[in-house]
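Everything on this sheet refers to the single structure shown next.
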Amino acid sequence: MTEHLVQLGYLGAAGLFILSLMWMSRVETARRGVRAAELGMLLAVVGTLIRHEIVNYELIALAFLVGSAIGVPLAYLMPMTAIPQRTAISHAFGALATGLIGTAEYYRLAAGGVASGSVIVIALMFEMALGFLTFTASLMAFGKLQELMPTRPITFRGQRIVNLGIFLATIVLGAVIAAMPDNISLFPAFAALSLMFGFLLIVPIGGADMPTVIALLNAYAGLAASAMGFALGNKLLVITGALDGSSGFILAVIMCKAMNRSFVNVLFGGFGQIQQSGGTQEKRSVRASAPDEAALTLDGVQTLVVIPGYGMAVAQAQHKIHDLFQQMTGRGISVKFAIHPVAGRMPGHMNVLLAEANIPYDNLVEMEDINPEMPTVDVALVVGANDVVNPAARDDPKSVIAGMPIIEADRARSVMVVKRGMSPGFAGIDNELYYLDKTQMLFGDAKEFVGAMVKELNSDAA
Amino acid sequence: MQLDETLLYVFMLAGFLGFQLIKRVSPLLHSPLMSLTNAISAIAVVGAISIAGEAGATPLARILGFLAITASVINLVGGYLITDRMLKMFKKREAKR
């Protein structure tokens, strides 16, 4: 009887998770989606707790307390600019849980004498491999995003061979254990290899590729949960894992498309190392403007498009951008924000920051929708973005970023670029946009510069 | 043990459904979407509870289960709270006065 009730609870939970993703499609219903997912989780947890095999409630309660004590501050104290890191560390915890559950289950089965090559053990091997590698990979991603380690890709000679070797060794060892599950002495080596593989996977990946990588890790975490479902014969886990897995893969594919690169290229490319040019680069001049000059230009415009990038997040400039937005819209000027899919360090990063700064989401426009409008735009204001507005991607078939879709800031009537200096972006290449006659370079910290500009505009208005 | 094929069917159908649902999510919401799916993947807590709470659990299973519950709960609680915190910030343009 109880078992039927539990299964019904799981069924309800699966249905709620599906509804939740459906409601996530639009802002108006998204919060309902979160409620549905919470309710689904509650059903699943309560359902599991009332199973009659469960006896050790004190331990479970204690674990819930400890977990909440860490999880709640993590959610409330992290600034919005740190959302990518938080997501990465959260992936790490989820993946660790999956790996540990697999481990406990494996030892239990090995002690009980399980048949060689049984589906359960194979599923467990998948679960543990994915869980462990996602754990270390997410920790590494966290380290790079939090800048605890260099965000530039780290490459060394023979890196791909080493990675491939470890990958194959993990698979072979996993297969051997699945064939001889009683031989527990091999298990620690398997776990170590999986952990090492996850670590090495992220070593060659640079900061700007993080959106793709985080999405992929999301997918792996989902697949690990599905594999656990196969091992435990639990349909709820299989469904939830499949939903998460497809979500992660879709986002990763969207990110790859937005950079015109393949998965393989992102994972093994070592993209974004500073290119050693042959010293032929001549010093080219740019037009630099001070805040008051920039404000003067902004004074007479009808339409303004702001193109934010990761630099805006680093400088925490979103609130000053909001002041500018207020000032300009107050004068009846149309202000839009053009969001490139890979701007920032995770999918949708810029949208969250601008929403945090109280910019209405109807003013956030996707790349494909803004590009046809660009020739009629008076000023394109680029804040902390670089490669995603580089016309070389469109015009120069030999460029490393050739074919990457860009926001066509260069087609606007005039361009302003807020930037700390002339250093190249992630792709390590120069940006023609900066040398156009219609471009003003606004050198300085984005937050201070935009703040100074707003002050000028204010005094003009007064 | 034989493979329970229904699980494969379930996996395939849920995968397809996931693709269809996620494709329709506005890029505006990709960050909250990711943190929500991250929170949902804490469903692993179900497995962790079974491992830690079972009557016949070995000390090793209890320790691993305890750690696994803790880790999933961090993921779960943090994921839901931050998703909601993000979504609360998305506001429509105010009506013109």
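Where the Cα atoms of the range A:1-77 are projected onto their three principal axes, how long is each span, largest first, in whole Å?
Cα spread of the range A:1-77 along its principal axes, largest to smallest: 42, 36, 10 Å.
May I ask you to give the average projected area over all directions of the convex hull of the Cα atoms of the range B:4-61, in nm² rounded to one decimal?
Over all viewing directions, the range B:4-61 projects a mean Cα-hull area of 5.9 nm².
For the protein assembly as shown, what are Rg and Dmax over the alpha carbons, in angstrom?
So, for the protein assembly as shown, Rg and Dmax equal 25.1, 83 Å respectively.
Translational D (Stokes-Einstein, µm²/s) of the range A:339-462 at 20 °C and 1.002 mPa s when Rh comes from the Kirkwood sum over C-alpha pairs?
This corresponds to a translational diffusion coefficient of 138 µm²/s.
Once all Cα-Cα distances of the range B:28-89 are split into 5 Å bins that start at 0, what whole-number percent is in each one?
Distribution as computed: 4, 20, 23, 16, 12, 10, 7, 5, 2, 0 percent.
Restricting attention to the range A:373-413, which trypsin sites (Lys or Arg not before Pro) occupy a DSSP loop and are surrounded by at most 10 other Cβ atoms within 10 Å?
Taking the range A:373-413 and a limit of 10 other Cβ atoms within 10 Å, the loop trypsin sites (Lys or Arg not before Pro) found are A:K398.
Using the per-residue mean of other Cβ atoms lying within 10 Å as a proxy for protection, in what order, highest first, do the peptides A:21-27, A:288-294, A:200-206 fall?
Sorting A:21-27, A:288-294, A:200-206 by mean packing, highest first, produces A:200-206, A:21-27, A:288-294.
How large is log10 of I(q)/I(0) for the range A:86-154 at q = 0.26 Å⁻¹ when the intensity is taken from the Debye formula with one equal scatterer per alpha-carbon?
So the normalised log intensities work out to -1.02.
Give, as a single signed number, the net charge of other residues whose beta carbon lies under 13 Å from the beta carbon of A:N458, with Lys and Arg counted +1 and Asp and Glu -1.
Net charge in that neighbourhood comes out at -2.
Would you work out the relative contact order for chain A, in percent, from Cα pairs under 8 angstrom that are 6 or more residues apart?
14 percent
Mind pulling the angle between the C-alpha long axis of helix A:57-77 and the longest principal axis of chain A? Nearest 10 degrees, somewhere in 0 to 90.
10 degrees
Starting from the exponent 0.38 and prefactor 2.2 Å, build the expected Rg for the range A:1-138 from its residue count and divide its actual Cα Rg by it.
Rounded to two decimals, the normalised Rg is 1.24.
Rg to Rh ratio, the range A:79-268, alpha-carbon atoms and Kirkwood radius?
That ratio equals 0.99.
Does the range A:135-237 come out rounded, prolate or oblate by the C-alpha gyration tensor, with a ≥ b ≥ c the root eigenvalues, rounded set by a/c under 1.5 and, if not, prolate when a/b is larger than b/c and oblate if not?
oblate
Tell me which DSSP H helices of chain B clear both cut-offs, 30 Å or more of axial length from alpha-carbon atoms and a mean Kyte-Doolittle hydropathy of at least 0.0.
Qualifying helices, which must be both long enough and hydrophobic enough, are B:59-89.
So what's the net charge close to A:G229: Lys and Arg +1, Asp and Glu -1, counting the other residues with Cβ under 15 Å from its Cβ?
Summing Lys and Arg as +1 and Asp and Glu as -1 gives -4.
Cα-Cα pairs above 21 Å in the range A:119-191: how many percent?
Taking all Cα-Cα pairs of the range A:119-191, the fraction more than 21 Å apart is 40 percent.
How tilted is helix A:210-232 with respect to the longest principal axis of chain A? Cα atoms for both, answer in degrees (0 to 90, nearest 10).
Helix A:210-232 sits at roughly 20 degrees to that axis.
Read the figures in this text as sums done on the coordinates, not as results from a lab. Everything numeric in this text was worked out from a predicted model, so none of it was measured. Every residue, glycine as well, gets a Cβ built from its backbone with ideal geometry; the counts of neighbours run over all protein chains shown.
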